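Shown next, in structure tokens, is the structure this report addresses.
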Amino acid sequence: MEIFIEEPETISDKLKIKSLIKSRLEYEIKLEKEFEKEMNTKIKICETMVENEELTIKLKNAKKEYKNKNYDKAIELYKPLHENHPENFNKWDSICYAWSLYYTHIKDSNGENLNEIVELITILTKQKDLSKKDEPCVYTISLMKVIEFFSENKNFDEVIYWTDKLDPNLLSDDSFTFTDNSGKERNLPSKKENWFVARSKAHFELEDFEDAIKISEKALENISKFRYDNDIWFKRRIALSNNRLGNHEIAVELLKEVLLVKKEWYIQKELADTYYNLNHIDESLKYAIDAALNFGEPDKKIKLYSLLESLLFEKGMESEAKLHAELVYQIRNKNQWHIDDKEIERLKKLDINTEKNIRPESLENILRRFWEDLKYKNQESYKGTIDKILPNRKAGFIKRNFSTDSYYFNFNSFKGNKKSIKEGLSVFFYLEESFDKKKNKKTFNAVNIIS
């Protein structure tokens, strides 16, 4: 822009004119910059509008692929959009992307990239409150899947990490009901129950025994209805945690409660261990013998047999103790499990021939007679008659002679040919404490039945 002025007459006039020209030029430059800035802003607005329109179209296409169950294609579209323009995702875009990830990478996961994908889902969505009404929630179902995966693979640190990301108070307490292939209705534990099971077990396996107790106690307080006897297993975990913390008396009382409902050999063994910790040798031996006689694979009982060896040595029954040591050796030898030199040397000092292979079943049969003699030596036997056999022919009732009392028995407790079991058959039997779930009270069963 040209500026025309008259020739100045003085130096002062010249300076004023120069200043005027400079100011005028600065003003013009400022106007040009403002115009340029305004134009750039308008261009960017137009570009953003075009880009947003393109993003909207792409998001619509991604959602369409999701609705058509083309989850891989949906992820292919969603992934770059979310990485570069997460602000353009509305609630439903995020949910559709999350469900696509679930169906493709989590539902039947082999663990590949599992953490990374579930972390993304926790960014995309939030946990719903399902405490009053259970409904599909991709956040919850994805985290429950990853918790299940790490629980099964015994990665308990990961179980703690992922259970921390779920609020159990927002989980449903409703069990999952379905009909199996045979037409029978089945009930699975609720999400809340599964959360407590996983968390409690993880703390126990990581030897965080105080936390294992706290979580198990919370489960017993907060879950309205248990499946798969999980209330019993929570109680057992509290007992075992107390035992590990040195609270052996508490552990004994809880394990006895558990044993009334679940007469499993390993619970009897845990009671034997706890009494051994208390130096109550007779009580420990009683439950160890019960465990040895109870159903269970001998290969899994080697720690029990080793405990029996120690107990019998303490009771002065050296020959029987040595038989248990030999049984453990022969089980290990049969399975080709490692036996260190120190153990071999110990066995030799006990005069056990480690060069000779003996079938563990033969030793167990010999010991079974010893276990039974020891168990029933000081118990009173009774005489009675088989009063009733149940339709499944697996159990029945025995009526005691000269009494109105009748006792439940299982065919497996019958010594001899089970085909000879019939109503009216006279038998001798012993009594063992049990628990009637239907009547919710202690009772007695007939055991060690001989005709």
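Laboratory data are not the source of any read-out in this text; all were calculated from the coordinates shown. Note that the structure is a prediction, hence the values are computed from the model and not measured. Positions of Cβ are generated from backbone atoms using ideal geometry, with glycine treated the same way; all protein chains shown enter the neighbour counts.
What residue among Ile421, Asn378, Asn445 has its Cα farthest toward the positive end of the dipole of segment 303-448, where the charges are +1 on Lys, Arg and -1 on Asp, Glu, each on the Cβ? Positive-most Cα among the choices belongs to Ile421.
Which of rounded, prolate, oblate describes segment 306-451, given a ≥ b ≥ c as roots of the alpha-carbon gyration tensor eigenvalues and a/c under 1.5 marking rounded, otherwise prolate only if a/b is larger than b/c? Prolate shape, in that a/c is at least 1.5 and a/b is the bigger ratio.
In the chain, once you exclude exposed chymotrypsin sites (Phe, Trp or Tyr not before Pro) (DSSP loop, at most 14 other Cβ within 10 angstrom), what's the longest stretch remaining? Here the longest run is 5-227.
Exposure proxy ranking for Leu55, Leu350, based on other Cβ atoms within 10 angstrom of each Cβ and starting from the fewest, stands as Leu350, Leu55. Residues whose amide H comes within less than 5 Å of that of Phe435, counting only those at least five positions distant or on another chain, are Thr443 (H built at 1.01 Å from N in the peptide plane). Counted by Cβ distance under 11 Å from Lys225, the other residues give a net charge of -2, where Lys and Arg count +1 and Asp and Glu count -1.
Computed extension gain for Phe435 through Glu264, at 0.36 nm per residue and net of the alpha carbon distance, reaches 60.2 nm. When the alpha carbon coordinates of the chain are projected onto the principal axes, the ranges are 144, 56, 39 Å, largest first. Every helix of 4 or more DSSP H residues in the chain counts as -39500 (n - 2.57), and over all residues that averages to -19000 deg cm²/dmol at 222 nm. Computed on segment 281-424, with alpha-carbon pairs under 8 angstrom and 6+ residues apart, the relative contact order is 16 percent. Rounded to the nearest 10 degrees, the angle from helix 265-277 to the longest Cα principal axis of the chain is 90 degrees. Normalising the average separation of contacting C-alpha pairs (under 8 angstrom, six or more residues apart) by the number of residues puts the relative contact order of segment 382-450 at 32 percent.
For segment 352-397, the list of trypsin sites (Lys or Arg not before Pro) that fall in a loop by DSSP and count at most 14 other C-beta atoms within 10 angstrom reads Lys356, Lys377, Arg393, Lys394.
Close amide H pairs (under 5 Å, H built 1.01 Å from N) link Ala395 with Leu390, Phe411, residues at least 5 positions away or on another chain.
Counting GluC sites (Glu not before Pro) as exposed when in a DSSP loop with at most 13 other beta carbons within 10 Å, what is the longest stretch of the chain free of them?
Of all site-free stretches, the longest is 208-354.
Counting neighbouring Cβ atoms within 10 Å and putting the fewest first, the residues Ser426, Ser406 line up as Ser426, Ser406.
Relative contact order for the chain: 6 percent, from Cα pairs under 8 Å spaced at least 6 residues apart, divided by residue count. Computed from the alpha carbon positions, the gyration tensor of segment 382-450 leads to an equivalent ellipsoid with semi-axes of 18, 14, 11 Å, biggest first. Straight-line cross-link partners of Lys37 among the lysines, defined as a Cα under 24 Å from its Cα and at least 8 positions apart when in the same chain: Lys22. The angle separating the long axis of helix 360-376 from the principal Cα axis of greatest extent in the chain is about 70 degrees.
Cross-link partners for Lys126 among the aspartates and glutamates, with Cα-Cα distance under 17 Å and sequence neighbours closer than 8 places in the same chain left out: Glu87, Asp93, Glu116, Asp134, Glu135, Asp164, Asp167. Pairs Lys394/Lys438; Lys262/Lys286; Lys300/Lys422: which exceed 25 Å Cα-Cα? Table pairs above 25 Å Cα-Cα are Lys300/Lys422. Computed from Cα positions, the angle between helix 318-334 and the longest principal axis of the chain comes to roughly 50 degrees.
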